[in-house]
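Some notes on the structure that comes next.
The values are calculated or read from the model by the stated rules, or taken from the named source; none is laboratory data. Since the model is a prediction, treat every value here as computed from it, not as a measurement. We place every Cβ from the backbone using ideal geometry, glycine too, and count neighbours over all the protein chains shown.
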Amino acid sequence: MPKYEDLPQELEQEILHNQEQGWVSPYACKNSDVIRRLDRPSDVPKIYRQPFSKDADKILNSAFYNRYADKTQVFSFFRNDDLSRRALHVQLVSRIARNIGSVLGLNADLIEAIAIGHDMGHTPFGHAGEHALHDLYHGATGRCFRHNLHSVRVLDTIIPYNISLQTLDGIVCHNGELPMAEYYPQPLSGFAAFDRRMEESICDEDGDRRLIPGTLEGCLVRICDMLAYLGKDRQDAVRAHLIDSEDDFELTAVGKTNAEMINNFEVNLIQHSYGKPYLKMDETHFQALTQLKQENYKKIYFQEQVQKQVRDSVVPMMEQMYAQIYRDAAEHNRNSCLYRHHIRTVLEKQKWYPAALPYEETDPHDLTVDFIAAMTDDYFVDYYRELFPKSPYQIAYVGYFD
């Protein structure tokens, strides 16, 4: 029998009363707190376009936002439009976080900007592609590739949109591989400190795992990133026939179904965080969150059926592609797709958002990573076949009628 928790009636009445009075959390990030790198006239807020709303607009209209639609979330080797892709995931994160944030009196525009931008740097083929690209980049340069770090590079360096510090901080700190029962924001001191922290994280394989967002809005998106995928990935695993049914998973304190989980985590977060300078869930719900993550890794993400396809196809294909794109970058091969498809796209956007240094002069390894990370799954497959038509490697998709 499904179990849906609800807020204590006394707290619900308090929240309703405060909403009628126009209450806003004293710990919310104010629009007037916005920090940007550059003082551009076009970024002066309007009554109808507040600063973090402008961030969201820039992200939605960026050169790479559309590509979310063909970047798989977990299940990369299925032709099935019912399985989640990044485009849906970022919207689910935004929706869940804004639901909670509206009750907690937080800044909804900042929540949205962080949520829709947080996976902008993700590679094709989900975390499998991310790990493969990291290994190649790290082996060549000693530096790390992480999708959250690269999301900031996309929005702040490749095309310098002048996104706010608060949004960029929330994006880079969204990595939720180390869930916490309680989140206290770490104060933001400015872009100088942010840039140092970015560089430290790029040079340290575990550096980004220690990051804590500087706003409650960023903390909320980090939590909701997990809430958005834990149950949804289970639904997708059943649709992909990797799991027989949701009954194959253990019952937790927050239930089994995606709807139960999201509702019960939302209620618990609101109950323990309302009016507070932190976000918190109780020990029972935190343990359930930990259990859900562990079981997903065991029964879904580390399934041999999935891992074998990665080892046998994605990794060797990316190795060959990395080497070829690097040669094109080092030799300034303007006839290559690196130039015709990627660099040209960046330069067209930089007409409106000029960069300090010419993009073509970027380190060839960084150009290589930028191009590969920007690819969708289908583009990766088609470009690989274009480069290596006789290669024995291929992606073996499970079709609709298989």
- Task: Note down all Cβ pairs under 7 Å where the first residue falls in the stretch 189-208 and is farther than 17 Å from I35 by Cα, the second is surrounded by 13 or more Cβ atoms within 10 Å (Cβ to Cβ) and among the hydroxyl-bearing types (S, T, Y), and they're at least six residues apart or on different chains.
- Result: G207/S201; D208/S201
- Item | Cross-chain or 6+ apart pairs with Cβ under 7 Å, the stretch 353-376 first and without any contact (Cβ under 8 Å) to a residue 12 or more places away in the chain, then surrounded by 17 or more Cβ atoms within 10 Å (Cβ to Cβ) and in a loop (DSSP other than H, G, I, E, B) | none
- Item | Test result for R327, closer than 23 Å to Y68 by Cβ, more than 25 Å from the chain's Cα centre (by Cα) and either at pLDDT 95 or above or not polar (S, T, N, Q) (or both) | no
- Item | Selected residue (criterion: nearest to R146 (Cα to Cα)) from residues of the stretch 184-208 that are part of a loop (DSSP other than H, G, I, E, B) and of a type in the set (A, V, I, L, M, F, W, C) | C203
- Consider V306 carefully, then state whether it is among the aliphatic types (A, V, I, L, M) and touching a Gly at 6+ places or on another chain (Cβ under 7 Å). no
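If you check R95, R143, R153, which single one turns out to be modelled with pLDDT of 95 or more, of a type in the set (K, R) and assigned to a loop (DSSP other than H, G, I, E, B)? Reasoning before the result, please.
Details: R95 fails: assigned to a loop (DSSP other than H, G, I, E, B); R153 fails: assigned to a loop (DSSP other than H, G, I, E, B).
It is R143.
Let me confirm something: among E12, E5, which residue is surrounded by 11 or more Cβ atoms within 10 Å (Cβ to Cβ), within 30 Å of N258 (Cβ to Cβ) and without any contact (Cβ under 8 Å) to a residue 60 or more places away in the chain? Quick ask: steps written out before the conclusion?
Working: E5 fails: without any contact (Cβ under 8 Å) to a residue 60 or more places away in the chain.
Checking each option against the conditions leaves just E12.
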- Query: Which residues, counting only those in the stretch 27-55, are surrounded by fewer than 19 Cβ atoms within 10 Å (Cβ to Cβ) and without any contact (Cβ under 8 Å) to a residue 40 or more places away in the chain?
  - Reply: S32, D39, P41, S42, V44, P45, K46, I47, Y48, R49
- Evaluate the stretch 309-321: report whether one residue or more is surrounded by 19 or more Cβ atoms within 10 Å (Cβ to Cβ), aliphatic (A, V, I, L, M) and more than 22 Å from G126 (Cβ to Cβ). no
- Return the pairs, sorted by first residue and then second, in which the second residue is acidic (D, E), the first residue lies in the stretch 296-312 and is part of a helix (DSSP H, G or I), the beta carbons are less than 7 Å apart, and the residues are 6+ apart or on different chains. N296/D233; I300/D233
- Task: Check T157 against each of (1) buried (at least 24 other Cβ atoms within 10 Å of the Cβ); (2) closer than 16 Å to S62 by Cβ and name the one condition it does not meet.
- Result: (1)
- What residue, among those in the stretch 289-324 that are within 18 Å of Q235 (Cα to Cα) and of a type in the set (A, V, I, L, M), is farthest from the chain's Cα centre (by Cα)? V306
- Query: touching a Leu at 6+ places or on another chain (Cβ under 9 Å), within 20 Å of Q73 (Cβ to Cβ) and of a type outside the set (A, V, I, L, M, F, W, C), is that true of K280?
  - Reply: no
- Index of the failed condition, P179 passing every other in (1) farther than 30 Å from R49 by Cα; (2) free of Cβ contacts under 8 Å to residues at least 40 places away in the same chain: (2)
- Query: Taking K256, is it buried (at least 17 other Cβ atoms within 10 Å of the Cβ), at pLDDT below 90 and either farther than 30 Å from D366 by Cβ or among the aliphatic types (A, V, I, L, M) (or both)?
  - Reply: yes
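Out of the stretch 160-183, which residues are surrounded by 15 or more Cβ atoms within 10 Å (Cβ to Cβ) and part of a loop (DSSP other than H, G, I, E, B)?
Within the stretch 160-183, the first condition is being surrounded by 15 or more Cβ atoms within 10 Å (Cβ to Cβ), and the residues that meet it are 160-176, 179-181, 183.
The answer is P160, Y161, N162, I163, S164, C173, H174, N175, G176, P179, M180, A181.
If I ask for residues that are hydroxyl-bearing (S, T, Y), within 30 Å of W23 (Cβ to Cβ) and either crowded, with 19+ Cβ neighbours inside 10 Å or touching a residue at least 60 places away in the same chain (Cβ under 8 Å) (or both), which ones from the stretch 272-295 would you list?
Taking the stretch 272-295 and keeping what is hydroxyl-bearing (S, T, Y), we get 273-274, 278, 284, 290.
Pick out the ones that are also within 30 Å of W23 (Cβ to Cβ) and you get 273-274, 278, 284.
Correct list: S273, Y274, Y278.
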- Note on the structure: Of A63, A69, A87, A113, the only residue that is touching a residue at least 12 places away in the same chain (Cβ under 8 Å) and over 26 Å from M317 (Cα atoms) is A113
